[in-house]
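> Before we start, here is the structure in question, set down as structure tokens.
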Amino acid sequence: MGMFDSGTDIIDSGEKLSFVLQLMVGGGEKGDVIFLDRLCESPRFISQCIYDVQELKPIRLSIQNSTEKVTFTWNKVYEGKKGEKEWKYELGPEKATVLIYEHGKTDYLYPWRCGMYHFEVMAAEACYYGAFRITPKNFSNDGMQLIQEKVMSIVSSLIVDRGHYKKTFSSFAELEDHSYMQTIRWLSQHTVRVKQLCAQIEHEVQYGKGYRTEQRIRKQTKHTARKNALLAERGAMKSCNVRFFEDYNSASNRYMKRKLKEFEQLIYQLLRFLNDHLDKLERLEESSKREKQAIQTILQTIEKNGSVTDRDKQKYRNMNLLKDTDLRKALMKRQEYKVLHEIVRGMHRDLSAFLHSRFWGSISDEGNVRLPNTLTPPRRQLLKILETSYRKSSTHMNEPAFLFVHKPTFLIYEYYSYFAVISILEEIGFRPIAPVREQIQSYFYLDGLQDGTTVVLERGDAALHIVFNELIETHPIVALSKGSHFYNGEDTKKPDIRIDYYRTDHGIKRYQSSVIVEVKYSPMYNIFQPVGNTKATEQMYKYWSIKYVEEQNGKRIFQRRAIYEVVCVYPGSQVHAKKIEAGCGVFLQFYPHKTKQRGEFLVGKGECIRLFREWLQL
């Protein structure tokens, strides 16, 4: 009797299905078998039907004890477009096993990110639900959580990938996006409606009730009857009557004015956000133009020079095409932001005009106004738009929604390593010239950290520039035009982290040397072999050829031995030493760990501190 003979439990109805599905994760005899023997009819119980699947491994699905066809729907990550179909598989007596993922056979890119997804099982016209959690391959779940917390402590939304979605239930939406751009795009579709509703409210007449003493008596109320009886006793020849008047300063108008003023502040914040990003894009565009001009100058110089190899000429032609592409992307992004900026600026201008108009200006700015019991339809509709602009309505639990996913684990590990290196340097006495968060955010784009993001730390007359993923140029002229100063004369590379050391002498800042930190989210056997080179070791050897150039008084000064050390950090290994010295550089285990005895600590931190102290002569 096998495990699958017991069938599948439906936990919310008590029903038991005769068949059972099983996942085979991994290849060969080392693979894990996961029985999907707990499902639910209502997604409200899905948290009790979660199965862990380790990322990057092959996955097969099979069914046991099935007498009829069963349809299995497993969701993946969707890129940009939300119209893509889910993955559906039919299993039954005739086809008991299907391949869901295997690198090179079904896809070359792993179709999920770490996080939660749901699956559906259709059997006999009934639908059942379960969930799978993709877990990291090279970290423990606790380690991954520590890494995410570190990255989020610098910029909370940095781990979210806004270009990719998953289709699942909103109960898994702990990190559902609430960014300024989401608000801006949503508001851009409602600007006309906001203006219409404000105009309708101005033209709605609201009446207030008051009392006036007049010559003739009108229709009486209990209140006026009492007042008139008192007037008659005094021999007065006038009567108290009810009079209705247009009341601009009603409780509902005061409440709506307060909400509109709060909304105006939000629009102003969105406007500042777009201004900041337009400035960044303008600087990026200007930088791209300078780089393209420098490459074209080199091409014009070498194109008819027979001494320059065809290979070198082709290299610069390819670089010219790449710079063209970068420039087009920057222009397109800037154009999109300009359109959105114009929409938001128009909304801010119109809203300001409304609030300073005769109608809204006559309404008091009393701050403590409660929501009136009754509001007219235009006021209710406007209030709904204003509230939605702050907080999107949550999707109903039983309806799958498109939610943003996390960035790939390797990229989150790169971000973590970058911030961890900064923290280690702070521990040995270096201080940021401005808060690290502010320095990071000056480079932050909606899709993550921009290449070339730089954090500057200082200690006395020493300064360190910690640079993320900046391209090393192929020629000193291009490097100078870009202002990056680094080139290698051959292949263009992007070291994950480059730490540049400067020292100020007699008021002049002089470059000293650099340390390269390459980040690999891979097991040790993939990145290092005692005999022969891997792709990682080849890359590390090439980093030693990086050179530095600067101009002083119109003269180019070269430093052709710029690299002090090349370090490759990776998530750890149970069978290798923490630190391995090799011909291409140093391999270092580098990851957060947590034990009951020591609490949380960073493996590899001590080795980094010793390296930095020796390098900086501290």
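The values are calculated or read from the model by the stated rules, or taken from the named source; none is laboratory data. Quick caveat: nothing in here was measured; it's all calculated off a predicted structure. Note: ideal-geometry Cβ built from the backbone for every residue, glycine included; neighbour counts use all protein chains shown. Surface accessibility is based on the protein's heavy atoms, side chains included, excluding ligands, DNA and RNA. Shrake-Rupley method; radii C 1.70, N 1.55, O 1.52, S 1.80 Å.
> Hey, can you tell me all the residues within segment 195-252 that are at pLDDT below 70, within 60 Å of the chain's Cα centre (by Cα) and β-branched (Val, Ile, Thr)?
Matches in segment 195-252: Val205 only.
> Follow-up question, since we're still on this one. Could you give every pair whose Cβ atoms fall below 6 Å, whose first residue belongs to segment 463-492 and is under 26 Å from Leu411 (Cβ atoms), and whose second residue is part of a loop (DSSP other than H, G, I, E, B) and small (Gly, Ala, Ser), counting only separations of at least 6 or pairs across chains?
Glu470/Gly452; Asn488/Ser545
> I'd like the residue in segment 490-517 that is of a type in the set (Val, Ile, Thr) and buried (at least 17 other Cβ atoms within 10 Å of the Cβ) and, out of all such residues, is farthest from Gln589 (Cα to Cα).
To start, the set of residues in segment 490-517 that are of a type in the set (Val, Ile, Thr) comprises 492, 497, 499, 504, 508, 515-517.
Imposing the further condition that a residue be buried (at least 17 other Cβ atoms within 10 Å of the Cβ) reduces the set to 497, 499, 515-517.
Working: Ile497: 16, Ile499: 19, Val515: 17, Ile516: 15, Val517: 12 Å.
That would be Ile499.
Residue-by-condition table, conditions (1) over 30 Å from Val339 (Cα atoms); (2) of a type outside the set (Gly, Ala, Ser); (3) at pLDDT below 75; (4) surrounded by 14 or more Cβ atoms within 10 Å (Cβ to Cβ):
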site	(1), (2), (3), (4)
Ser288	no, no, no, yes
Gln293	no, yes, no, no
Ile302	yes, yes, no, yes
Val308	yes, yes, no, yes
Lys315	yes, yes, yes, yes
Asn318	yes, yes, yes, no
Leu322	no, yes, yes, yes
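> Here is a further query. Would you call Ser352 at pLDDT below 70 and either open to solvent by 40 Å² or more (accessible area, probe 1.4 Å) or closer than 24 Å to Ile184 by Cβ (or both)? Step through it out loud before you land on a result.
Details: at pLDDT below 70: no; either open to solvent by 40 Å² or more (accessible area, probe 1.4 Å) or closer than 24 Å to Ile184 by Cβ (or both): yes.
The answer is no for Ser352.
> Would you confirm whether or not segment 266-275 contains a residue that is hydrophobic (A, V, I, L, M, F, W, C), open to solvent by 70 Å² or more (accessible area, probe 1.4 Å) and out of contact with any Ser or Thr (no Cβ under 9 Å at 6 or more places or on another chain)? Break it down into steps so the answer makes sense when it comes.
In the first step, residues of segment 266-275 are kept if they are hydrophobic (A, V, I, L, M, F, W, C); the result is 266-267, 270-271, 273-274.
From the residues that got through so far, the ones that are open to solvent by 70 Å² or more (accessible area, probe 1.4 Å) too are none.
No: segment 266-275 contains no residue that is hydrophobic (A, V, I, L, M, F, W, C), open to solvent by 70 Å² or more (accessible area, probe 1.4 Å) and out of contact with any Ser or Thr (no Cβ under 9 Å at 6 or more places or on another chain).
> From the residues in segment 541-573 that are touching a Gly at 6+ places or on another chain (Cβ under 7 Å) and surrounded by 20 or more Cβ atoms within 10 Å (Cβ to Cβ), which one is farthest from Asp142 (Cα to Cα)?
Restricting to residues being touching a Gly at 6+ places or on another chain (Cβ under 7 Å) and surrounded by 20 or more Cβ atoms within 10 Å (Cβ to Cβ), the top hit is Val566.
> Six or more apart or on different chains, Cβ atoms under 7 Å: show the pairs whose first residue is in segment 515-540 and closer than 21 Å to Val421 by Cα and hydrophobic (A, V, I, L, M, F, W, C) and whose second is part of a strand (DSSP E or B) and open to solvent by 40 Å² or more (accessible area, probe 1.4 Å).
Hits for this filter: Val515/Tyr564.
> I'd like the residue in segment 125-160 that is free of Cβ contacts under 8 Å to residues at least 60 places away in the same chain and among the acidic types (Asp, Glu) and, out of all such residues, is most open to solvent (accessible area, probe 1.4 Å).
Per the stated criteria, the residue is Glu125.
> Also, quick follow-up: Got a sec? Which of Leu175, Leu158 is closer than 30 Å to Arg272 by Cβ, in contact with a strand residue (DSSP E or B) (Cβ under 9 Å, 6 or more places away or on another chain), assigned to a loop (DSSP other than H, G, I, E, B) and at pLDDT 75 or above? Even if it seems obvious, please write down each step before you answer.
Working: Leu175 fails: at pLDDT 75 or above.
So the residue among Leu175, Leu158 that is closer than 30 Å to Arg272 by Cβ, in contact with a strand residue (DSSP E or B) (Cβ under 9 Å, 6 or more places away or on another chain), assigned to a loop (DSSP other than H, G, I, E, B) and at pLDDT 75 or above is Leu158.
> Any chance you could count how many residues in segment 574-589 are loosely packed, with under 15 Cβ neighbours inside 10 Å and not aliphatic (A, V, I, L, M)?
Residues that pass the stated criteria total 4.
> If you don't mind, another one. On the given criteria, is Ile527 crowded, with 19+ Cβ neighbours inside 10 Å and either touching a Cys at 6+ places or on another chain (Cβ under 8 Å) or acidic (Asp, Glu) (or both)? Before the answer, list the steps.
Working: crowded, with 19+ Cβ neighbours inside 10 Å: yes; either touching a Cys at 6+ places or on another chain (Cβ under 8 Å) or acidic (Asp, Glu) (or both): yes.
Against the criterion (crowded, with 19+ Cβ neighbours inside 10 Å and either touching a Cys at 6+ places or on another chain (Cβ under 8 Å) or acidic (Asp, Glu) (or both)), Ile527 qualifies.
> Which residues, taken from segment 39-51, are of a type outside the set (Val, Ile, Thr) and either closer than 18 Å to Thr135 by Cβ or assigned to a helix (DSSP H, G or I) (or both)? Walk me through how you get there before you give the answer.
At the first step, the residues of segment 39-51 found to be of a type outside the set (Val, Ile, Thr) are 39-45, 47-49, 51.
Within segment 39-51, Pro43, Arg44, Phe45, Ser47, Gln48, Cys49, Tyr51 qualify.
> Determine, yes or no, whether Lys167 is open to solvent by less than 80 Å² (accessible area, probe 1.4 Å), modelled with pLDDT under 75 and not in a helix (DSSP H, G or I).
On the way: open to solvent by less than 80 Å² (accessible area, probe 1.4 Å): yes; modelled with pLDDT under 75: yes; not in a helix (DSSP H, G or I): yes.
Spelling it out, Lys167 is indeed open to solvent by less than 80 Å² (accessible area, probe 1.4 Å), modelled with pLDDT under 75 and not in a helix (DSSP H, G or I).
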